[in-house]
Amino acid sequence: MKKIFLSCMALVISMMAFGQAKKPTIMVVPSQNWCYQNGYIKTFAENGETKKVPDYERAFLENSDVKTAISCINDMMAEANFPLKDMEQYLSSLSLTRAENAAATSKSGGEVAESPLDIINARAKSDIIFELTWTVNKRGPNSSVTYNLRALDAYSNKQVAAVNGTGDASSSAPLAVLLQEAVQGTMQSFQDKLQKHFEDMAANGREVALVIRTWDNSPWDLEYEMGDKELNEVIEDWVADNTVNGRFSTLDATETRMEFDQVRIPLYNAQGRATDTRQWARGLVNFLKGKGIASKLDMRGLGHATITIGGK
């Protein structure tokens, strides 16, 4: 009983220390809706269809309200000691990323396809994305701000917190003051939800997704016999052994494809170093390699890994 008590106390103390020391890194961005409503979009053709994506760079360059609004939310989060990553700073490095992507082609000649936010977040590796939408309401000499602020887990793309509302009208207050006054009444509960989400990750792991597929000329399919088990069973066992409390869901399992959802990976590896989806999935690639099975790892965003079996 004494050993159990001491073990429980050690766990409680470590979790308290973690909760006090670790908070999610955050990046605030103007929402896609705000960009579309204000004309800050880019269009491009993909597979014969016209696609639209936000033009964040032009928004920052041409609209001073963007920096003002984002700085306002940044300041409020900084006061609560949440680590911040500045979007404008990462935008300044996009030219290098574009050059890298322009030079990168697949063996069949395909080009890299990423959204602007995917590119920024891949470099920033923030845990939480804040999407901010705001509208300045004019009524005679008075102005007020209607806002919507939502927090998205950058790995699972799930909403973890949200607030919205309209602030009091003023005839002289600048945008930053109007927005701060509108948001501050709900900010504490918003921050509490964020912290609760991060504490859940600490206890139960980060939620990601994993897809296993095969090349059409692969010498191995997912029903390939490996001793007394099929390859799909071997992979599922590895996922179970390498997730927090074995937590994951198998959405699909066929001869050529497996899809795992709600995969809870640890925040830190066995050496105590922070890990991410790519590093975790690389463990499965190396495991398969040890079994004589070649595979290729591809990432989509921060939280979606695809492993293709049968070669690079």
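The values are calculated or read from the model by the stated rules, or taken from the named source; none is laboratory data. Note that the coordinates shown come from a computational prediction; the quantities given were computed from them, not determined experimentally. Using ideal geometry, Cβ is built from the backbone for each residue, glycine included, and neighbour counts are taken over all protein chains shown. Heavy atoms of the whole protein, side chains included, go into the accessibility calculation; ligands, DNA and RNA do not. Shrake-Rupley method; radii C 1.70, N 1.55, O 1.52, S 1.80 Å.
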Quick check: at a probe of 1.4 Å, how many percent of the accessible area of segment 219-312 sits on carbon and sulfur atoms? 42
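To the nearest whole percent, what portion of all C-alpha pairs in segment 226-312 is separated by more than 18 angstrom? Before the final figure, lay out each step's value.
On the way: 1611 of 3741 pairs.
It works out to 43 percent of all Cα pairs.
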Tell me, what is the FRET efficiency for Asp86 and Trp215 to the nearest 0.05, using R0 = 51 angstrom and their Cβ-Cβ distance as r? 0.80
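Write down the accessible area per residue of segment 166-312 in Å², having rolled a 1.4 Å probe over the full set of protein chains. Kindly include the intermediate steps, with their values, before the conclusion.
On the way: 7530 Å² over 147 residues.
Ligands and nucleic acids excluded, the result is 51 Å² per residue.
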With r as the distance between the Cβ atoms of Lys158 and Glu62 and R0 = 25 Å, compute the FRET efficiency 1/(1 + (r/R0)^6) and round to 0.05. 0.20
